[in-house]
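Single-structure report; data block below.
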Amino acid sequence: MTDAERRSRASEAFFGRRKGKPLRERQAQHLQTLLPALKVDLSTPAPAELSTLYDFSPARIRLEIGFGGGEHLIHRALETPDTAFIGVEPFVNSMAKLVGRVEETGARNIRLYDDDATELLDWLPAASLDQIDLLYPDPWPKRKHWKRRFVSRVNLDRFARVLKPGGLFCFASDIDTYVNWTLMHCGAHPAFEWTAENAADWLTPYAGWPGTRYEAKARREGRKSAYLTFRRL
């Protein structure tokens, strides 16, 4: 994507740093040698069946947007080897870490994309995903930055297009304003329904939840998390 194209998508694209401290030699090597084999190639037409991106026939396909340190993604991939995963993360250091974990564990059910998630969402075939995970996304707490939050009408439209009927959108955050924002936006969207029946449903972590370093930090600082699940109608 050119700079001009990126600016044209400014209201829906990735905001934030793309690189932190210098990569170690082995991490840089992983990005050069291993990432190309795992990366989803958006320069080619999307396949009619996403399962062809993998060397096995997956029972389900999940997308995780902004996987951060990758703890959740690699945990789920190893926990459910019959499920295929696509992980999106523009932050170079996080991507290098995850690629290293894929090599260490031998996980063969992960594919990756290292740029703006909206590009991937627009490329994916309709009704191709069983689940989308958006876990602890940047909350952009200042009101003037709320338009940068990934949960928006336009992105929920994207989710609705690529999720199968009955597919799930799972959202976790420790920021009350973002939780309320997400409930409001999903509640107003005709394609989604909140699955919670009581408070325990959104206060209890998802089954098999491994936790993340960010979540542990939030708890140390006295913030509680919410785990929201929405179903594609």
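The values are calculated or read from the model by the stated rules, or taken from the named source; none is laboratory data. Source: prediction; values computed, not measured. All Cβ positions, glycine included, derive from the backbone under ideal geometry; neighbour counts span all protein chains shown. Heavy atoms of the whole protein, side chains included, go into the accessibility calculation; ligands, DNA and RNA do not. Shrake-Rupley method; radii C 1.70, N 1.55, O 1.52, S 1.80 Å.
Annotations
- Whether a residue is part of a strand (DSSP E or B) and surrounded by fewer than 20 Cβ atoms within 10 Å (Cβ to Cβ) was assessed, and ASP138 does not pass this test.
- Picking from residues in region 14-68 that are of a type in the set (D, E, K, R) and within 19 Å of the chain's Cα centre (by Cα), the one that is modelled with the lowest pLDDT is ARG17.
- Qualifying residue in region 192-202 (condition: open to solvent by less than 50 Å² (accessible area, probe 1.4 Å) and charged (D, E, K, R)): no
- Selected residue (criterion: farthest from the chain's Cα centre (by Cα)) from residues of region 210-231 that are open to solvent by less than 60 Å² (accessible area, probe 1.4 Å) and closer than 21 Å to ASN180 by Cα: ALA218
- Cβ pairs under 6 Å, 6+ apart, first in region 184-204 and touching a residue at least 24 places away in the same chain (Cβ under 8 Å), second among the polar types (S, T, N, Q): THR195/THR229
- Residue list for region 153-190, filter: more than 16 Å from the chain's Cα centre (by Cα), surrounded by 14 or more Cβ atoms within 10 Å (Cβ to Cβ) and polar (S, T, N, Q): THR177
- Within the set GLU71, GLU64, GLU89, the sole residue that is touching a strand residue (DSSP E or B) at 6+ places or on another chain (Cβ under 7 Å), among the acidic types (Asp, Glu) and crowded, with 18+ Cβ neighbours inside 10 Å turns out to be GLU64.
- Contacts under 9 angstrom Cβ, first residue in region 106-119 being open to solvent by 30 Å² or more (accessible area, probe 1.4 Å), partner hydroxyl-bearing (Ser, Thr, Tyr) and assigned to a loop (DSSP other than H, G, I, E, B), 6 or more apart: ARG108/TYR54; ARG111/TYR54
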